[in-house]
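Structure, as structure tokens:
The values are calculated or read from the model by the stated rules, or taken from the named source; none is laboratory data. The structure presented is a predicted model; accordingly, all values stated were derived computationally and were not measured. Here Cβ is always computed from backbone atoms with ideal geometry, including for glycine, and neighbour counts include all displayed protein chains. Ligands, DNA and RNA are stripped out before the accessible areas are found, and what is left, the full protein with its side chains, is counted by its heavy atoms. Shrake-Rupley method; radii C 1.70, N 1.55, O 1.52, S 1.80 Å.
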Protein chains: 2
Amino acid sequence: MRFGAIEAGGTKIVCGIGNAEGKIEERISIATEEPRQTIQKVAEFFNNKNVEAIGVGSFGPINLDRGSPAYGSITTTPKPGWSNYPILAVLKQEFNVPFGWDTDVNAAAYGESMWGAAKGLDSCIYITIGTGIGMGIYMEGKSVHGLVHPEGGHILIRRHSEDEFAGACPYHQDCLEGLASGPAIEKRWGLKGIELPNSHPAWEMEAYYIGQAVANAVLMLSPKKVILGGGVMQQKHLFPMIQREVQSNLKGYVHSEHLLEKIDQYIVKPGLGDNAGLCGALALGIQAYESRQDQ
Amino acid sequence: MRFGAIEAGGTKIVCGIGNAEGKIEERISIATEEPRQTIQKVAEFFNNKNVEAIGVGSFGPINLDRGSPAYGSITTTPKPGWSNYPILAVLKQEFNVPFGWDTDVNAAAYGESMWGAAKGLDSCIYITIGTGIGMGIYMEGKSVHGLVHPEGGHILIRRHSEDEFAGACPYHQDCLEGLASGPAIEKRWGLKGIELPNSHPAWEMEAYYIGQAVANAVLMLSPKKVILGGGVMQQKHLFPMIQREVQSNLKGYVHSEHLLEKIDQYIVKPGLGDNAGLCGALALGIQAYESRQDQ
């Protein structure tokens, strides 16, 4: 049995075909341009692939309210043409199969719980730190949606005492994303993260911010695993720095060996690597297929 | 059908008998003293009451891991005699009925979702602001436990620019609880909250802290209702101040009429009033009874 997966990002849309065990058998990457042409290319990829269902993990914010006429659309985005674009409805016109639909980061958290770093666990959070910062939440065996959907990349955090950068978030200026995203690093230091040596003070500041966000997420949600992905987290030396910051923030208050002794196995990179988002979308497709069977 | 409810706090333990509709028919309050004697009084209250199940919402941190030998105990507390006290096991020896068990704030959030301000909703958060600050999380129709259980009262927040108080949390000094609990207000200003006039700058600072915590919880979790209880929130003038702070922090980023237009119905006091905790414990008892029926 084969399922379709769409990881829709603001820069590229990755499409894949996979099986029920989370193995991606085929994939392509399509540049995210004007929506109509872009989705046409997506549709061409899935044509005659005979998938049982398709899962979509999308950049956002998106509409996840099944009772709303705008369900399945991207709501607000600076990306030209994509605001209010009904991506799910357009895809459903092309393919008469069940569709799964969630944020890219919720999909990644779900995929990691199925086949990745949180396999077998009923909760995890997935934080991507790249062009933006997003937080996917999987708790008590369910992806969290609520009123809209989690937007934990924009929480307010304490400023580092030596940080004079105003912040890069167009909405909140110096929220988490405004202070710790890839573009924030580049604007603050005048160099991309990849150009900064491991000993550069940028990384201590970055770990301070991410460590604070993770500590707050651990306190608020008590996830069983914290998975950090995205372009900035390609800097592997950040992991031990962030782990130390989290312990320093929590001060032993949360009594769990996972935080006190095994934090290197608690705050981890995606088990699915660069496939976390695509496998997450695949998992959404499988879930949509299984829900149909239940009905 | 009658169910038992125990709201176990560090100062008093409230016991009640209620029905399946959330109505409390009888209640008593017992001072929290040495555990053995205290629990004996609790047991005397329930003796011959013929309840079908008993729910316990407890101060903590507590052990919620069903696989642990310490399941059902209070783990660490400065309260003499209560550290590692197996409260649930002791109660089970007295009464051969199903027991529900959760944190006091998770119980309150659950009770509010059953019969209170979040009735009919599948998610809400309950924040109590009193001697301590606690956060109960109910998401996608389930109380959130995870690794340990949520401890959102201890998140790190930004300091108010005019706040020179060091903070009152014995673990983190100036976390949310350290800056915004009842004792923090009293230590900072030299007067109890109840003695400070509505125009006192203490309240603007308090709204700044609570508004920041609520904004971060809304971003991270996207709850369908935010319920604020506890002694400090008896100051009703705080509600509009906190609502304004949350809007000011979010800056319109979360597109929902509940935040943009109807925030006075989104951030609210407990619908169950002073019974939120006890009704929550009752709801846990009913849930334990119903789970038994499933088995």
query: Within the group B:Ala281, B:Ala207, B:Ala217, which residue is assigned to a helix (DSSP H, G or I), within 14 Å of chain A (Cβ to nearest Cβ), open to solvent by less than 20 Å² (accessible area, probe 1.4 Å) and not hydroxyl-bearing (Ser, Thr, Tyr)?
result: B:Ala217
query: Is one or more of the residues making up segment B:158-166 at the interface with another protein chain (Cβ under 9 Å from one of its Cβ atoms) and either polar (S, T, N, Q) or farther than 21 Å from B:Ala109 by Cβ (or both)?
result: yes
task: Considering only segment A:100-190, give the helices (runs of 4 or more DSSP H) lying wholly within it that have at least 3 residues that are more than 21 Å from B:Leu156 (Cα to Cα).
output: A:104-115, A:182-189
- request: Working carefully through the options A:Val268, A:Val214, find the one that is under 24 Å from A:Cys175 (Cβ atoms) and in contact (Cβ under 8 Å) with a residue 40 or more places away in the chain.
  value: A:Val214
message: Restricting to segment A:76-90, name every residue that is open to solvent by 30 Å² or more (accessible area, probe 1.4 Å), within 14 Å of chain B (Cβ to nearest Cβ) and in contact (Cβ under 8 Å) with a residue 12 or more places away in the chain.
response: A:Thr76, A:Pro78, A:Asn84
- request: Taking B:Arg158 as meeting all but one of (1) out of contact with any Lys or Arg (no Cβ under 6 Å at 6 or more places or on another chain); (2) open to solvent by 20 Å² or more (accessible area, probe 1.4 Å); (3) under 20 Å from B:Val214 (Cβ atoms); (4) touching a residue at least 24 places away in the same chain (Cβ under 8 Å), write down the number of the exception.
  value: (1)
- request: Kindly list the number of the only condition in (1) outside any loop (DSSP other than H, G, I, E, B); (2) open to solvent by 40 Å² or more (accessible area, probe 1.4 Å); (3) in contact with a strand residue (DSSP E or B) (Cβ under 9 Å, 6 or more places away or on another chain) that fails for A:Ile194.
  value: (3)
query: List, please: which pairs have Cβ atoms under 7 Å, are six or more places apart or on different chains, and start with a residue in segment A:17-31 that is touching a residue at least 60 places away in the same chain (Cβ under 8 Å) and end with one that is assigned to a loop (DSSP other than H, G, I, E, B)?
result: A:Ala20/A:Met1
field: Matching option when the condition is in a loop (DSSP other than H, G, I, E, B) and under 19 Å from A:Glu94 (Cβ atoms), among A:Glu7, A:Glu33, A:Glu21
entry: A:Glu33
query: Any idea which of A:Leu191, A:Leu156 is touching a helix residue (DSSP H, G or I) at 6+ places or on another chain (Cβ under 9 Å) and under 24 Å from B:Ser248 (Cα atoms)?
result: A:Leu156
task: Examine segment B:245-254 for a residue that is of a type in the set (Phe, Trp, Tyr) and more than 30 Å from A:Ile127 (Cα to Cα), and state whether such a residue exists.
output: no
Residues that are among the hydrophobic types (A, V, I, L, M, F, W, C) and either open to solvent by 30 Å² or more (accessible area, probe 1.4 Å) or more than 11 Å from chain A (Cβ to nearest Cβ) (or both), drawn from segment B:134-147: B:Leu147
query: How many residues, within segment A:242-270, are surrounded by 18 or more Cβ atoms within 10 Å (Cβ to Cβ) and more than 13 Å from every other protein chain (Cβ to nearest Cβ)?
result: 4
statement: Filtering segment A:167-183 down to residues that are surrounded by fewer than 23 Cβ atoms within 10 Å (Cβ to Cβ), touching a helix residue (DSSP H, G or I) at 6+ places or on another chain (Cβ under 8 Å) and away from chain B (no Cβ under 12 Å) yields A:Gly167, A:Ala168, A:Gly182
